[in-house]
Amino acid sequence: MYEILKSAHSGWRYLVIILLLVAFVNALIGYAGKKPYTEGNRKLNLFTLISAHIQLLLGLVLYFMHDWYRGDSAVAAQRYWKMEHIGMMVLAIVLITVGNSRAKKAATDLIKHRSVFMYFGLALLLITAAIFAMVKADPSRSLFGM
């Protein structure tokens, strides 16, 4: 069961990153071009939010199934998986959630695009930093975690 969940978590990340990147670029174009916030924008942001939350649930199940919380914090790779990875990913998903929520509640289309651009952009930056931190902590892993 663990290997199936690990494979699902590993594969699902690509969907999350692609959706997050597309939503970020879409919001940038909408914000810079002062375009209307459409139903398509809303759905893209919602799908990004849902995919990130599914990834979080898969990750939390793996975290507790594998007992990562018991790892030795003195060892860089164990510390990364025990604290850094989960902390950065939870924060990134919180940013995605806040960005989507603020976009839903915003009064104007420009503010909606700006909210998604800012919060999804910060989440994307945090996820990218986590990828680089993973490679630094565990040199056996490649840039895309394979």
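The values are calculated or read from the model by the stated rules, or taken from the named source; none is laboratory data. Just so it is clear, the model here is predicted, and its values are computed rather than measured. Every residue, glycine among them, receives a Cβ derived from its backbone with ideal geometry; neighbour counts consider all protein chains shown.
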D67 fails exactly one of the following numbered conditions: (1) charged (D, E, K, R); (2) in contact with a helix residue (DSSP H, G or I) (Cβ under 9 Å, 6 or more places away or on another chain); (3) loosely packed, with under 14 Cβ neighbours inside 10 Å. What is the number of that condition?
(2)
I'm trying to understand the selection: among the residues of segment 104-146, which are under 19 Å from V16 (Cα atoms), in a helix (DSSP H, G or I) and small (G, A, S)?
S115, G121, A123, A129, A130, A133
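Of all residues in segment 22-57, how many are part of a helix (DSSP H, G or I) and in contact with a helix residue (DSSP H, G or I) (Cβ under 8 Å, 6 or more places away or on another chain)?
Step one: filter segment 22-57 for residues part of a helix (DSSP H, G or I), giving 22-32, 39-57.
Now restrict to residues that are in contact with a helix residue (DSSP H, G or I) (Cβ under 8 Å, 6 or more places away or on another chain): 22-24, 26-28, 30-31, 41-42, 44-49, 51-56.
Counting residues in segment 22-57 that are part of a helix (DSSP H, G or I) and in contact with a helix residue (DSSP H, G or I) (Cβ under 8 Å, 6 or more places away or on another chain) gives 22.
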Condition test on S101, is it in a helix (DSSP H, G or I) and modelled with pLDDT of 95 or more?
yes
Residues being within 15 Å of K136 (Cα to Cα) and in contact (Cβ under 8 Å) with a residue 24 or more places away in the chain - total across segment 53-80:
4
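Somewhere in segment 67-87, is a residue on the phi > 0 side of the Ramachandran plot and either out of contact with any Cys (no Cβ under 8 Å at 6 or more places or on another chain) or among the small types (G, A, S) (or both)?
Yes, segment 67-87 has at least one match.
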